[in-house]
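Asks: Here it is, the structure in full.
The values are calculated or read from the model by the stated rules, or taken from the named source; none is laboratory data. Fair warning: this is a prediction, and the values are worked out from it, not measured in the lab. Positions of Cβ are generated from backbone atoms using ideal geometry, with glycine treated the same way; all protein chains shown enter the neighbour counts. These accessible areas exclude ligands, DNA and RNA; they are computed on the full protein's heavy atoms, side chains included. Shrake-Rupley method; radii C 1.70, N 1.55, O 1.52, S 1.80 Å.
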Amino acid sequence: MTIRPRFVVLSAAVAASVLAAGIAMIGTADAASTLGASAAQSGRYFGAAIAAGRLSDGTYTGILNREFNSVTPENEMKWDATEPSRGSFNYTNGDRILNQGVSMGAKVRGHALLWHAQQPSWAQSLSGSTLRSAAINHVTQVATHYKGKIYAWDVVNEAFADGGGGGRRDSNLQRTGNDWIEAAFRAARAADPNAKLCYNDYNTDGVNAKSTGVLNMVKDFKARGVPIDCVGFQSHLGTGIPGDYQSNLQRFADAGVDVQITELDVAQGGNQATVYAGVTRACLAVSRCTGITVWGIRDSDSWRTGENPLLFDNSGNKKAAYTSVLNALNAAGPTNPTTSPTTSPTTTPTTPPVGGGCSASTSLNQWNGGYVATVRVAAGSSAVNGWTVSLTLPSGSALTSVWSATNTGSSGAVSFRNVSYNGQIAAGGYTEFGFQGTGTGPAGTPACQAG
């Protein structure tokens, strides 16, 4: 997404989705106090789309660092930004977004490899096989540059037409052949085998012809072995949420892909907080909904000028919508999506504990000189009330930040203790914490002690 001359018209009926019976409430004393931490309790992320040009704004980055555990570049990884002239790549601002995410210990969503809009002028002048070759080369080069560092890519953005037909949008990319989306996904998988590959679109939030067209593509891809892992629902909402929002997410999950809310913002009105809470609850109710991203941080950062559609006002103060989202996330407690949102190049094996006790496994995203580790702590057949994970960092490795745990030691033998909101794990359940470090990440299986 970026600024486009359209307004999204959606149902005015507010469907405040109700969490399924059996999801436990957690006490106020144990509730996480930030969006990212509260989402992490259920194995999900809560992210923001950010702009490199605003990273020097102290209020902006203060909220970003405190609240979110995922980031998406607004424009910095799009085609016109990364390949301004053919074959000449510029990753300066894209790398700024990546580094910001890494410094926070956050997931980074790449947005977007191919889109009919925001193409560089040289690409707009191409057509046919020449454009196809240039587009696939672009996917390959950019995905290779960020290999192992991106959690999920929006490989193709907004390729379906509005209206009742459910067909493809006419564009220079579409005119290279109907298989251009498939070719882009195959190229992205070859370039970065470990990134989740997503299709992303707007006005697909409810069951309609457009969302059904996307669903049919997903089913076709899955049947033919075309690599697709997730579908993004932008969710630029007006004053309501489609009544079939949750069931729409579920039908995509049932087709075998993760679903993500990728560009959430809601026009301000008397029920803005209710709509935000409804979207959050819908995601929590779908086990394969792995996270939510809001498109911007403060109202003043939004592309929807005058609609005040975000969780923080122009001054950076929390709005009622913020509180409604936080409460909805905390109400879910330590539940777990069917598919973990963490995908990474290496994962240490683990054997589930027999009987009581806990086990731990580590997933790593590594690059030259650093890494981010996500540690999953799993309970056996009995609930866990408190846990400690111990591991040994390789020589030359040192911790630089830790989230959702407290650490003892920063090099060599280190241990991590649960914090208030993730110490209790239901029988058969899990929670996650993470850390960032310099050097090389841990290779062995960590030890877990319950209690």
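Asks: How about segment 372-446: which strands (runs of 3 or more DSSP E) wholly inside it have at least 1 residues that are more than 22 Å from M104 (Cα to Cα) and not small (G, A, S)?
Replies: 387-392, 430-438
Asks: Mind checking which residues of segment 51-66 are buried (at least 19 other Cβ atoms within 10 Å of the Cβ) and free of Cβ contacts under 8 Å to residues at least 40 places away in the same chain?
Replies: Answer for segment 51-66, where residues must be buried (at least 19 other Cβ atoms within 10 Å of the Cβ) and free of Cβ contacts under 8 Å to residues at least 40 places away in the same chain: there is none.
Asks: Another question about this same structure. Which one is farthest from T440 (Cα to Cα) among residues in segment 397-408 that are modelled with pLDDT of 90 or more and open to solvent by 40 Å² or more (accessible area, probe 1.4 Å)?
Replies: T406
Asks: Would it be correct to say that G439 is more than 19 Å from G43 (Cβ to Cβ), touching a residue at least 60 places away in the same chain (Cβ under 8 Å) and touching a Ser or Thr at 6+ places or on another chain (Cβ under 8 Å)?
Replies: Judged against the criteria, G439 is a match.
Asks: Also, quick follow-up: Just to confirm my filter: which helices (runs of 4 or more DSSP H) fall fully inside segment 78-182 and include at least 1 residues that are open to solvent by 30 Å² or more (accessible area, probe 1.4 Å) and among the hydroxyl-bearing types (S, T, Y)?
Replies: Filter on segment 78-182 gives 92-104, 121-124, 128-145.
Asks: While we're on this one: Just checking, which of A253, A209, A285 is surrounded by fewer than 24 Cβ atoms within 10 Å (Cβ to Cβ) and under 29 Å from I97 (Cβ atoms)?
Replies: On the way: A209 fails: under 29 Å from I97 (Cβ atoms); A285 fails: under 29 Å from I97 (Cβ atoms).
Within the list A253, A209, A285, the selection yields A253.
Asks: Pick from segment 183-204 the residues that are assigned to a loop (DSSP other than H, G, I, E, B) and touching a strand residue (DSSP E or B) at 6+ places or on another chain (Cβ under 9 Å): which of them is nearest to L215 (Cα to Cα)?
Replies: T204
Matching residues to (1) at positive phi; (2) among the basic types (K, R); (3) in contact with an Asp or Glu (Cβ under 7 Å, 6 or more places away or on another chain):
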residue	(1), (2), (3)
R132	no, yes, no
W153	no, no, no
S171	no, no, no
N178	no, no, no
A184	no, no, no
A188	no, no, no
P193	no, no, no
D201	no, no, yes
T204	no, no, no
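Asks: Still on this structure, please answer the following. Tell me, yes or no, whether segment 212-228 has at least one residue that is closer than 25 Å to W180 by Cα, assigned to a helix (DSSP H, G or I), modelled with pLDDT of 95 or more and under 16 Å from the mean Cα position of the chain (by Cα).
Replies: No, there is no match, as no residue in segment 212-228 is closer than 25 Å to W180 by Cα, assigned to a helix (DSSP H, G or I), modelled with pLDDT of 95 or more and under 16 Å from the mean Cα position of the chain (by Cα).
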